[in-house]
Amino acid sequence: PFAGTANAVVELFLLDQASGEAREVPLGADKDFYLARVDFSPDGTLAVQKQARDQQVLELIFVDPQSLRETVVLREQHTRWVNLQSDLRFLDGGARFIWASERSGFNHLYRVDAESGETTPVTQGEWLVRRVLDVDEDTQQIRFAAMGVHPDQDPYHVHVGRIGFDGEGLVWLTEGDG
């Protein structure tokens, strides 16, 4: 919106394909937010990333598509800014997921238990993950693009790494400038 004008009202609906009925997902009384990302987990749960207008808070909310019951699974907060991310990857049919966060000061990957919200670092260090390239549940490994990996190289060079879901076995698959 233009400065001084009202913000757009955000609404999210689920459509029952069989009946054609549209049901509104409540997402709280305060309608002044950004609907940043919406995904479905493998078990059909709706995963909503809701960001405050000042962009200092980002919540990941799971919504049961039948009851529309909402559960805030995790909350990112910073005094200045929380970047959006597109690296949500579900594991084990939705029981766990991979999440990217800058909570350490660098963008890194975390494994999160969907029910308890328990968060375990997968990647760590003074470099940052650019994006998830692949998640292989059979080998329990993640391939990702990262920057700032080698101190003797330009920090904007992108490298590919592989690591286990447990944060063990980090291997850099690329080495040269690039």
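The values are calculated or read from the model by the stated rules, or taken from the named source; none is laboratory data. Remember, it's a predicted structure, so these values are computed and weren't measured experimentally. So basically every Cβ, Gly included, is an ideal-geometry build from the backbone, and we count neighbours across all protein chains shown. Each accessible area value is taken on the protein alone, full model and side chains, heavy atoms only, with ligands, DNA and RNA left out. Shrake-Rupley method; radii C 1.70, N 1.55, O 1.52, S 1.80 Å.
Taking the condition free of Cβ contacts under 8 Å to residues at least 60 places away in the same chain and either within 30 Å of Thr139 (Cβ to Cβ) or among the small types (Gly, Ala, Ser) (or both), does Leu88 pass? So Leu88 fits the description; yes. Tallying residues that are assigned to a loop (DSSP other than H, G, I, E, B) and either basic (Lys, Arg) or open to solvent by less than 60 Å² (accessible area, probe 1.4 Å) (or both) within the stretch 38-75 yields 9. Taken over the stretch 1-37, the criterion of being surrounded by 10 or more Cβ atoms within 10 Å (Cβ to Cβ) and at positive phi is satisfied by Leu27, Gly28. Residues of the stretch 1-37 that are within 25 Å of Leu58 (Cβ to Cβ), of a type in the set (A, V, I, L, M, F, W, C) and assigned to a strand (DSSP E or B): Leu12, Phe13, Leu14, Val25, Phe33, Leu35, Ala36.
Considering the conditions (1) under 16 Å from the mean Cα position of the chain (by Cα); (2) under 28 Å from Gln55 (Cβ atoms); (3) of a type in the set (D, E, K, R), Asp134 is excluded by exactly one of them, (2). Inspect all residues belonging to the stretch 76-94 and state whether any of them is open to solvent by 50 Å² or more (accessible area, probe 1.4 Å), part of a strand (DSSP E or B) and of a type outside the set (A, V, I, L, M, F, W, C). Yes, that holds for at least one residue. Scanning the stretch 148-165 for residues that are open to solvent by less than 40 Å² (accessible area, probe 1.4 Å), within 17 Å of Tyr110 (Cα to Cα) and not aromatic (Phe, Trp, Tyr) gives Gly161, Ile163, Gly164. Within the option set Ala52, Ala95, Ala29, being without any contact (Cβ under 8 Å) to a residue 12 or more places away in the chain and over 12 Å from the mean Cα position of the chain (by Cα) holds for one residue only, Ala29.
In the stretch 123-146, the residue that is farthest from Ser104 (Cα to Cα) out of those that are open to solvent by 20 Å² or more (accessible area, probe 1.4 Å), part of a strand (DSSP E or B) and out of contact with any Ser or Thr (no Cβ under 8 Å at 6 or more places or on another chain) is Asp136. Among the residues of this structure, Ala100 counts as one that is in contact with a Phe, Trp or Tyr (Cβ under 8 Å, 6 or more places away or on another chain) and open to solvent by less than 70 Å² (accessible area, probe 1.4 Å).
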